[in-house]
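The structure appears below as structure tokens.
The values are calculated or read from the model by the stated rules, or taken from the named source; none is laboratory data. Remember, predicted model here, so these are calculated numbers, not experimental data. Reconstructed Cβ throughout: ideal geometry from the backbone, glycine too, with neighbour counts over all protein chains shown.
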Amino acid sequence: MTKHQPPVNKNETIHVTFEDITHDGAGVAKKNGYPLFVKGGLPGEAAEVKVVQVKKNYGFGRLMKINEESSERVEPPCPIFNRCGGCQLQHLSYEGQLAYKHKQVEETLSRIGGITDVPVHPTLGMNDPWRYRNKSQVPVGEQRGDLVAGFYAERSHQIVDMESCVIQHEDNDKVVQLVKKLAKQYGIRGYDDRIHKGTLRHVVVRHAKHTDELMVVLVTKGKELPNKKNLIEALQNELPNVKSIVQNINPKRTNVIFGDRTEVLWGEEVIHDFIGDIQFAISARSFYQVNPDQTKVLYDKALEYAQLTGKETVIDAYCGIGTISLFLAQKAKQVYGVEIVPEAVSDAKRNAKLNHIENADFVVGEAENIMPWWQAQGLHPDVIVVDPPRKGCDEKLLETMVNMKPDRIVYVSCNPATLARDLKYLAEHGFKTQEVQPVDMFPQTGHVECVSWLVKK
Ligand code: SAH
């Protein structure tokens with residue numbers, strides 16, 4: 001065998017011991033240093049694995065038999081856990097999940113960011129890590145002339161019909177089942193993405209935990225929605241807590257869920273929810289954290305790290321509907337928020353009014369362009385909060401942050417890899433990370449959220 005040849009062959013069955021899990025929940029075993037990724041394997045477990053794919057530097061295997069089970073292994077409560085791509089860690093005890101997420105953050109910070117001297121606290125978890133999601137987005141399709149709505153089978157675009165999701169709020173499940181039933185009854189066809197034909201593409205449901213209000217969004221290919229009136233009436237009759245029924249039109253051949261046009265079919269354009277004492281109006285296309293209990297935990301931590309006394313000027317970049325901004329505004333002199341989605345900024349402004357908060361201003365735009373503009377206007381923030389999407393902060397934004405010389409930065413991140421990259425940049429440019437706090441916003445999945453606290457050196 002030459003040095004570069006992988007030490008396993010396709011279709012061979014080998015005995016391995018798992019050492020780790022990947023960020024998407026696959027077990028990692030090594031054969032002579034060559035990593036094999038195997039869905040379902042847990043660290044410490046000895047198992048028989050069939051090699052199914054061999055690449056130059058790593059391979060994939062299928063779990064055939066577990067010979068020694070991990071004490072952390074539990075029976076996944078969801079019957080479709082193995083086929084649905086939504087959750088990755090239901091087979092790991094909740095304590096095990098929290099420990100794994102903590103380790104993942106520590107290792108990623110060290111590997112990508114070279115950060116080894118910063119305390120990473122134990123993951124803050126939920127008391128009840130089930131049925132926590134307030135938002136459901138379910139693809140609708142047609143199979144053999146029948147409308148189906150559920151989830152995409154792993155690595156495919158085939159929709160598998162689903163009745164219940166154990167991490168969703170019960171009402172979200174109820175709405176999806178009802179829309180499915182009504183669509184069939186009223187002859188509304190599901191959308192077929194292979195031929196770009198049909199009507200109903202997605203059902204998106206949002207439940208507001210603290211007011212119990214529901215929003216139903218029907219995403220359709222065109223404007224036409226057969227029997228619209230009957231459908232709306234039936235939804236109202238069967239779901240007394242529905243406050244908003246909205247149609248979003250997405251005519252494009254795309255995986256992106258929402259199109260540009262949104263029309264209110266019935267009720268309000270928004271639903272309302274509370275985080276702590278602050279009320280929020282949320283419209284169909286605005287980002288709103290999906291785990292209401294843990295959002296409070298996350299924001300409280302961000303507020304603690306911001307160390308506000310009432311005198312500070314604060315920037316909240318990637319502010320969404322102004323959730324963190326308004327939290328901060330209660331304790332700061334002035335808050336400036338920036339966000340790229342115009343509807344979200346309208347929501348943010350409306351939310352400031354709704355709560356009689358007058359020291360928060362919001363701007364639509366790319367944070368990386370608005371921040372330099374603010375700087376040119378002479379804005380000197382004492383604290384900057386950033387909460388970027390998975391790809392992390394744009395380098396231009398990091399550069400501007402550094403130039404603005406705030407006393408503190410609070411970095412909220414949903415991706416440890418880009419967090420590590422950005423903390424490294426900030427460390428090289430005068431900002432030391434003091435603490436990192438992982439928060440479990442997405443139990444049963446491999447995702448982990450972190451709040452980091454940085455100070456000017
Ligand atoms: N802080 C908010 C939103 C965080 S999600 C909350 O906790 O609810 C990240 C947000 O960044 C989304 O609202 C997204 O629309 C926005 N966004 C993405 N790219 C952006 C950019 N380049 N500039 C400003 N906002 C952006």
Exactly one of Phe81, Phe60 is among the hydrophobic types (A, V, I, L, M, F, W, C) and free of Cβ contacts under 8 Å to residues at least 12 places away in the same chain, and that residue is Phe81
- Message: Whether any residue in the stretch 431-444 is surrounded by fewer than 21 Cβ atoms within 10 Å (Cβ to Cβ) and closer than 16 Å to Thr313 by Cβ is what I want to check.
- Response: no
In the set Tyr299, Tyr288, the lone residue that is surrounded by 21 or more Cβ atoms within 10 Å (Cβ to Cβ) and not in a helix (DSSP H, G or I) is Tyr288
| said: So, Leu379, is that one aliphatic (A, V, I, L, M) and either within 12 Å of the ligand (Cβ to nearest atom) or within 25 Å of the chain's Cα centre (by Cα) (or both) or not? | reply: no
Kindly evaluate Lys405 against the criterion of being at pLDDT 95 or above, surrounded by fewer than 17 Cβ atoms within 10 Å (Cβ to Cβ) and out of contact with any Ser or Thr (no Cβ under 7 Å at 6 or more places or on another chain). yes
Of the residues in the stretch 59-113 that are touching a Pro at 6+ places or on another chain (Cβ under 7 Å) and among the β-branched types (Val, Ile, Thr), the one that is surrounded by the most Cβ atoms within 10 Å (Cβ to Cβ) is Val105
- request: Return yes or no: is Ala367 over 30 Å from Val216 (Cβ atoms) and within 10 Å of the ligand (Cβ to nearest atom)?
  value: yes
Just one listed residue, out of Pro416, Pro342, Pro389, Pro372, is within 23 Å of Lys101 (Cα to Cα) and surrounded by fewer than 17 Cβ atoms within 10 Å (Cβ to Cβ), and it is Pro389
Residues of the stretch 398-420 being within 16 Å of the ligand (Cβ to nearest atom), over 24 Å from Thr295 (Cα atoms) and of a type outside the set (A, V, I, L, M, F, W, C), in sequence order, are Glu399, Thr400
Given (1) within 18 Å of Asp146 (Cα to Cα); (2) under 29 Å from the mean Cα position of the chain (by Cα); (3) surrounded by 14 or more Cβ atoms within 10 Å (Cβ to Cβ), Arg194 misses just (3)
Selection over the stretch 1-35 where residues are among the charged types (D, E, K, R), crowded, with 16+ Cβ neighbours inside 10 Å and under 16 Å from Val54 (Cα atoms) yields a count of 1
Within the stretch 302-324, of all residues that are within 12 Å of the ligand (Cβ to nearest atom) and touching a residue at least 60 places away in the same chain (Cβ under 8 Å), the one farthest from Tyr132 (Cα to Cα) is Ile315
When every residue in the stretch 325-335 that is in a loop (DSSP other than H, G, I, E, B) and not hydrophobic (A, V, I, L, M, F, W, C) is compared, the one farthest from the ligand (Cβ to nearest atom) is Lys333
Thr116 meets each of (1) out of contact with any Phe, Trp or Tyr (no Cβ under 9 Å at 6 or more places or on another chain); (2) assigned to a strand (DSSP E or B); (3) exposed (fewer than 15 other Cβ atoms within 10 Å of the Cβ) with one exception, condition (2)
The condition from (1) over 28 Å from the mean Cα position of the chain (by Cα); (2) under 25 Å from Pro389 (Cα atoms) that Asn237 misses is numbered (2)
Selection over the stretch 79-99 where residues are at pLDDT below 95 and of a type in the set (A, V, I, L, M, F, W, C) yields a count of 4
When every residue in the stretch 286-301 that is near the ligand (Cβ under 9 Å from one of its atoms) and not hydroxyl-bearing (Ser, Thr, Tyr) is compared, the one farthest from Pro129 (Cα to Cα) is Phe287
Residues in the stretch 336-355 that are over 17 Å from Pro406 (Cβ atoms) and either away from the ligand (no atom under 13 Å from the Cβ) or of a type in the set (Gly, Ala, Ser) (or both) total 9
Among Ile271, Ile245, Ile257, the single one that is in a loop (DSSP other than H, G, I, E, B), more than 13 Å from the ligand (Cβ to nearest atom) and surrounded by 15 or more Cβ atoms within 10 Å (Cβ to Cβ) is Ile257
So, first residue at positive phi and in contact (Cβ under 8 Å) with a residue 40 or more places away in the chain in the stretch 7-28, second residue part of a strand (DSSP E or B) and of a type outside the set (A, V, I, L, M, F, W, C), Cβ within less than 8 Å, six or more apart or across chains; the pairs are Asn11/Lys50; Gly25/Lys39
Those strands (runs of 3 or more DSSP E) completely within the stretch 157-239 that have 2 or more residues that are under 20 Å from Gly85 (Cα atoms) are 159-161, 200-207
Item to check | Flag if Leu239 is aliphatic (A, V, I, L, M) and buried (at least 20 other Cβ atoms within 10 Å of the Cβ) | outcome: no
Do we find that Leu231 is surrounded by 13 or more Cβ atoms within 10 Å (Cβ to Cβ) and farther than 30 Å from Phe274 by Cα in this structure?
no
